[in-house]
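The values are calculated or read from the model by the stated rules, or taken from the named source; none is laboratory data. The structure displayed is predicted, hence computed values, not measured ones. Cβ: placed from backbone, ideal geometry, glycine included. Neighbour counts: every protein chain shown.
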Amino acid sequence: MHPTSKLLSILSLCISTSVFAGKLTLTSNDIAQDEFMPKTQEFNGFGCSGGDLSPQLKWSDSPEGTKSFAITAYDPDAPTGSGWWHWQLVNIPKNITQIATGAGSIETNLAPLGSMQIKNDYGSRGFGGACPPSGHGVHRYRFTVHALSVEKLDLPEDASGALTGYMINANTIESSTIESLYKRD
């Protein structure tokens, strides 16, 4: 084979492989990109009276080298100066590709075996739903699945949201986000 033909064959293979390579994708039966979340995902407390259930989440096409997953739910619009952590679930085994509605509740025991729920900014472990201040307008809620390069994040039991976020971001190979909305009048 002529050297130029060989090079073209290799380039063609590389291009076709990258075109068909998967990209981590997050979907949900409960929430959708740029749409308002139902009251099911609203917090129950602080003047809110929702179902306080974490949404069902499913992901696919995890990148090569994935050893575990983490899920985060974050409101960048909270009037705190640093946003609001609604949920951080870490050390999800690599064979898990979805979680059920309500998996963020520590009472239901639906979180994947071996995973760890970090204390949210409400001060409790697990999921804490949307509860923006009345009259504060629309808030964005970023639900993100992170494919991690380590099997387990080495975090203390009382890890802060900031420390957990740092460790997640330091070990993320790829992530996918659904940004949903919520507003209280």
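Quick rundown of the values:
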read-out: Index of the failed condition, E157 passing every other in (1) in a strand (DSSP E or B); (2) without any contact (Cβ under 8 Å) to a residue 40 or more places away in the chain; value: (1)
read-out: Output for the range 38-67, where each listed residue is on the phi > 0 side of the Ramachandran plot and in contact (Cβ under 8 Å) with a residue 40 or more places away in the chain; value: G45, F46, G47, D52, G65
read-out: Hits in the range 56-91 - residues which are of a type in the set (V, I, T) and buried (at least 23 other Cβ atoms within 10 Å of the Cβ); value: I71, T72, V90
read-out: The range 90-110 - residue that is aliphatic (A, V, I, L, M) and touching a Gly at 6+ places or on another chain (Cβ under 7 Å) and, of those, farthest from G129 (Cα to Cα); value: L110
read-out: Conditions (1) surrounded by fewer than 17 Cβ atoms within 10 Å (Cβ to Cβ); (2) under 19 Å from G45 (Cβ atoms); number of the one not met by A170; value: (2)
read-out: Residues located in the range 132-154, provided they are assigned to a loop (DSSP other than H, G, I, E, B) and either surrounded by fewer than 19 Cβ atoms within 10 Å (Cβ to Cβ) or over 16 Å from the mean Cα position of the chain (by Cα) (or both); value: P132, P133, S134, G135, H136, G137, V138, S149, V150, E151, K152, D154
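Condition check ((1) modelled with pLDDT of 95 or more; (2) out of contact with any strand residue (DSSP E or B) (no Cβ under 7 Å at 6 or more places or on another chain)) across all residues:
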residue	(1), (2)
W84	yes, no
V90	yes, no
I99	yes, no
G102	yes, yes
N109	no, yes
G135	no, yes
T172	yes, no
S175	yes, no
